[in-house]
Every structure is written in structure tokens, then in C-alpha cells.
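Here the structure comes first, spelled out in C-alpha cells, and everything after it is commentary.
The values are calculated or read from the model by the stated rules, or taken from the named source; none is laboratory data. Please read these numbers as outputs of a predicted model, since none were measured by experiment. Ideal geometry is used to build each Cβ from the backbone, glycine not excepted, and the neighbour counts take in all protein chains shown. Note: areas computed on protein heavy atoms with side chains; ligands, DNA, RNA excluded. Shrake-Rupley method; radii C 1.70, N 1.55, O 1.52, S 1.80 Å.
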Amino acid sequence: QVQLVESGGGLVQTGGSLRLSCAASGRTLSPYTMGWFRQAPGKEREFVTAISRDGLNTSYKNSLKGRFTVSRDNAKNTVYLQMNSLKPEDTAIYYCAISNDDRLTNYRAYAYWGQGTQVTVSS
């Protein structure tokens, strides 16, 4: 049984930065593709970024590339999302998830989810 816990969210002003963490217990994350998703009020959940099991391959939503950076530390069983130059449109609940597929953008393969952490960017 795997449990994912996101942390690091909060309230920041436009242009600020946050570093989100996704810590796992009950199972090692090293064999799995990991992803970050977000859901803004009134909108569908959307893909943010993903990282391969070895950390050598990443994928980003096109509009976020350059501001957001995903990384992982398998020794700590943790995945990170560094968020810079934040904008009000980034306000959302951010979720991490485990995929059953090696393809980073096979969105329907993300089967195990955390509870999310709230990110709010003031205008």
C-alpha cells in the first residue's frame, strides 16, 4: 500500500516561488514514472509535468516550461516541483501521482494520487 503526501503549498505574491514536495511511504518510488497535476477552481485537472524513474527524462505542459522544474530524489523517496515566477493563473490544488506506464504523458495511467496541496498566487 502506497501513500503520497504533498506539501509546500501556500500563499505567495505574483513573481514569487514555491517548492512542492511529494513524499511516499509504503513503497519505493524508484520504479515509477511520477507526475504533477493541478486543478484550478471551476476547471478540469490538468497535467503539469512528469519525470521518468531515473530522473533523466521529463515532460512539461508547454506554457509552464521554463518556470517549473520537476526533480526527484529516489534515496529520499521524494519528488519535487520547483515553481518560479508564479502568476495568479497558477492558483490551484497541486497533486502528485504514480503512473503504471513508462510514457510520461499517458495521463490515464496515473493511478495513485496524493491529497493535494493548495497553491494560491495573489494578484
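Quick look at the numbers
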item	result
Reach of residue 43 by Cα under 18 Å, taken over lysines that are not fewer than 8 positions away in the same chain	61, 87
Backbone HN-Hα couplings from phi across the range 92-101 [Karplus 6.51/-1.76/1.60, Hz, Gly and Pro as x]	4, 8, 9, 10, 9, 8, 9, 9, 8, 10
Max mean-square fluctuation residue, GNM over the chain, Cα-Cα springs under 10 Å, options 85, 30, 99	85
Dipole magnitude of the range 24-123, debye to nearest 20 (Cβ charges: Lys/Arg +1, Asp/Glu -1, about Cα centre)	20 debye
Apportionment of accessible area to carbon and sulfur, the chain, percent (1.4 Å)	44 percent
Between the range 38-72 and the range 109-123, the Cα center-to-center distance that results, in Å	11 Å
